[in-house]
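Encoded as structure tokens, the structure appears first; notes follow it.
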Amino acid sequence: QVQLVESGGGLVQAGGSLRLSCAASGRTSSTYAMGWFRQAPGKEREFVAAISRSGGSSTYADSVRGRFTITRDNALNTLYLQMNSLKPEDTAVYYCSSSGKYELGSRSYEYDYWGQGTQVTVSS
């Protein structure tokens, strides 16, 4: 089992920045890819970004590429998402996820464990 706890969400004006963190505990040695997903009110959960076990590879949704950066610190068992140039359409609950099988993935079914989510609200 892997437990994931997100933090760092909040209210920010359009154009601003936030840094999300996700602390992992439990059987973290079995974790491969880690990712961020988000879900806006009335919409389905969507992929945001993912990073490989070593941190050497990453992938992003087109809507955030160039504005968001995903990183991980395996020594601290922590995943990060630096969000810059935020837009109102980035408003959502952001979820951290981990995979015990896939090296890099952008689909929900590729991830085994999920955090409870942290709210990000971007005002115009």
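The values are calculated or read from the model by the stated rules, or taken from the named source; none is laboratory data. Computed from a prediction, not measured in an experiment: that's the story for all the values here. For neighbour counting, all protein chains shown are included, and Cβ atoms are generated from backbone atoms with ideal geometry for every residue, glycine included. Surface areas here come from the heavy atoms of the whole protein model, side chains and all, with no ligands, DNA or RNA. Shrake-Rupley method; radii C 1.70, N 1.55, O 1.52, S 1.80 Å.
Restricting attention to region 39-55, which residues are in contact (Cβ under 8 Å) with a residue 24 or more places away in the chain, of a type in the set (S, T, N, Q) and open to solvent by 30 Å² or more (accessible area, probe 1.4 Å)?
39
Out of the strands (runs of 3 or more DSSP E) lying entirely within region 1-40, which hold 2 or more residues that are of a type in the set (Val, Ile, Thr)?
By residue number, 2-7.
With respect to residue 120, determine if the residue is closer than 13 Å to residue 35 by Cβ, modelled with pLDDT of 95 or more, open to solvent by less than 30 Å² (accessible area, probe 1.4 Å) and among the aliphatic types (A, V, I, L, M).
Here the answer is no, as residue 120 does not meet what is asked.
Cβ contacts < 6 Å: first residue at positive phi and without any contact (Cβ under 8 Å) to a residue 40 or more places away in the chain, restricted to region 13-37; second residue open to solvent by 40 Å² or more (accessible area, probe 1.4 Å) and in a strand (DSSP E or B), any location; separation 6+ or different chain. Result?
Once the first residue is at positive phi and without any contact (Cβ under 8 Å) to a residue 40 or more places away in the chain and sits in region 13-37, its partners that are open to solvent by 40 Å² or more (accessible area, probe 1.4 Å) and in a strand (DSSP E or B) give 26/3.
Taking region 11-31 as the search range and keeping residues that are open to solvent by 80 Å² or more (accessible area, probe 1.4 Å) and in contact with a strand residue (DSSP E or B) (Cβ under 9 Å, 6 or more places away or on another chain), which one is farthest from residue 116 (Cα to Cα)?
Among them, the one singled out is 13.
Just give me the residues in region 87-112 being within 15 Å of the chain's Cα centre (by Cα) and within 21 Å of residue 19 (Cα to Cα), in sequence order.
Within region 87-112, 90, 91, 92, 93, 94, 95, 96, 97, 98, 106 meet the criteria.
Which residues, counting only those in region 56-91, are among the acidic types (Asp, Glu) and open to solvent by less than 60 Å² (accessible area, probe 1.4 Å)?
Scanning region 56-91 gives 73, 90.
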